[in-house]
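So the structure is just underneath, and the comments pick up after that.
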Amino acid sequence: MDALFFWLLAALAVIASLLVVGQRNPMYSVLLLIVSFGALSGLYVLLGAPFVAAIQIIIYAGAIMVLFLFVVMLLNAQHESQVAGYEARFTGGSFARRFGAALAVGLAIELGWAIRRLQATPLGGEGRAASTVYDIGLRLFRDYAFAFEATSVLILVAMVGAIVLARKEGS
Amino acid sequence: MNLLPEPTLNSYLVLSAVLFAIGTAGVFLRRNLITILLSIEVMLNAVNLTFVAVDRYLGAVDGQIIVFFVVTVAAAEAATGLAIVIALFRHRETLNPDAFRTLKW
């Protein structure tokens, strides 16, 4: 049963991610990315990490993607526009594109090669209970307390930065 | 009869690698700032999947805590990144990164 769910969710995640990258309309990209996040969240449940699955839905799909949707709607720039005139002449769009595609294919091949060399490793921990929020909380607030506090400062800085950057000039 | 092989650690790592490669391809190939930011989110998620899978393999919770931090940093990155996109869009009325080649205008 686990195997069936794994392959279903994996296929869903890969197809949705491919469509995110292949879509011309950013609105559909954002919505498809939410599908991909849902599939990944299911995989986290299969891996015995319900806390991460919940975070994935609440923070990623619920908060970050809504932020993206807001910006897509605010800018109302539906389709990718080609840069016209002299701009296009200097950037050499097609060369950069081909070079980027070659790099991406190279990365995929290299990753596949590296993983093929691994021995097939069983996942392990069949009898183990799923890790609880209690375990994670203990570890987070004892051993990772400093990192946790640093993260809160980071969020504050990002918030102030976002307001400063997005503000209209002169106001 | 078993048509579908049981997922191993390797299956999760391969899935994560595939997602990461898709995200990288998106960053290289797309000419839309919003889609590029979305591709970065795909890459971050691929890394998260690796963390959780290895976490399960090792029987620890440290990987899940790091995923928590990754999600926080992703939120900060999305907020500042989108603010920059809005600021750029105000100047040039386009989302094409090729249009932003000057440091000053």
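The values are calculated or read from the model by the stated rules, or taken from the named source; none is laboratory data. All figures in this text were calculated on a predicted structure; none of them were measured in a lab. Because the Cβ atoms are built from the backbone with ideal geometry, glycine has one as well, and the counts that use them run over all protein chains shown.
The number of residues in the stretch B:1-36 that are crowded, with 22+ Cβ neighbours inside 10 Å and part of a helix (DSSP H, G or I) comes to 14. Within the stretch B:28-51, the set of residues being farther than 14 Å from A:Ser17 by Cα and touching a residue at least 40 places away in the same chain (Cβ under 8 Å) comprises B:Arg31, B:Asn32, B:Leu33, B:Ile34. Note on the stretch B:1-60: residues that are at pLDDT 90 or above and small (Gly, Ala, Ser) total 5. Considering every residue within the stretch B:64-75, establish whether at least one is small (Gly, Ala, Ser) and more than 7 Å from every other protein chain (Cβ to nearest Cβ). There is no residue in the stretch B:64-75 that is small (Gly, Ala, Ser) and more than 7 Å from every other protein chain (Cβ to nearest Cβ). I'd like the residue in the stretch B:9-54 that is in contact with a Lys or Arg (Cβ under 9 Å, 6 or more places away or on another chain) and among the aromatic types (Phe, Trp, Tyr) and, out of all such residues, is farthest from A:Ile115 (Cα to Cα). Filtering first and then ranking leaves B:Phe28. Looking across the stretch B:56-67 at every residue that is part of a helix (DSSP H, G or I) and surrounded by fewer than 20 Cβ atoms within 10 Å (Cβ to Cβ), the one that is nearest to the chain's Cα centre (by Cα) is identified as B:Ile66.
Are there helices (runs of 4 or more DSSP H) fully within the stretch A:76-171 with at least 1 residues that are at pLDDT below 70? List them. Spell out how you get there, then give the answer.
Values: elements: A:86-91, A:93-116, A:133-142, A:145-166.
The helices (runs of 4 or more DSSP H) meeting that bar are A:86-91, A:93-116.
Is one or more of the residues making up the stretch B:80-90 in contact (Cβ under 8 Å) with a residue 60 or more places away in the chain, more than 7 Å from every other protein chain (Cβ to nearest Cβ) and not acidic (Asp, Glu)? Looking for residues that are in contact (Cβ under 8 Å) with a residue 60 or more places away in the chain, more than 7 Å from every other protein chain (Cβ to nearest Cβ) and not acidic (Asp, Glu), one finds none in the stretch B:80-90, hence no.
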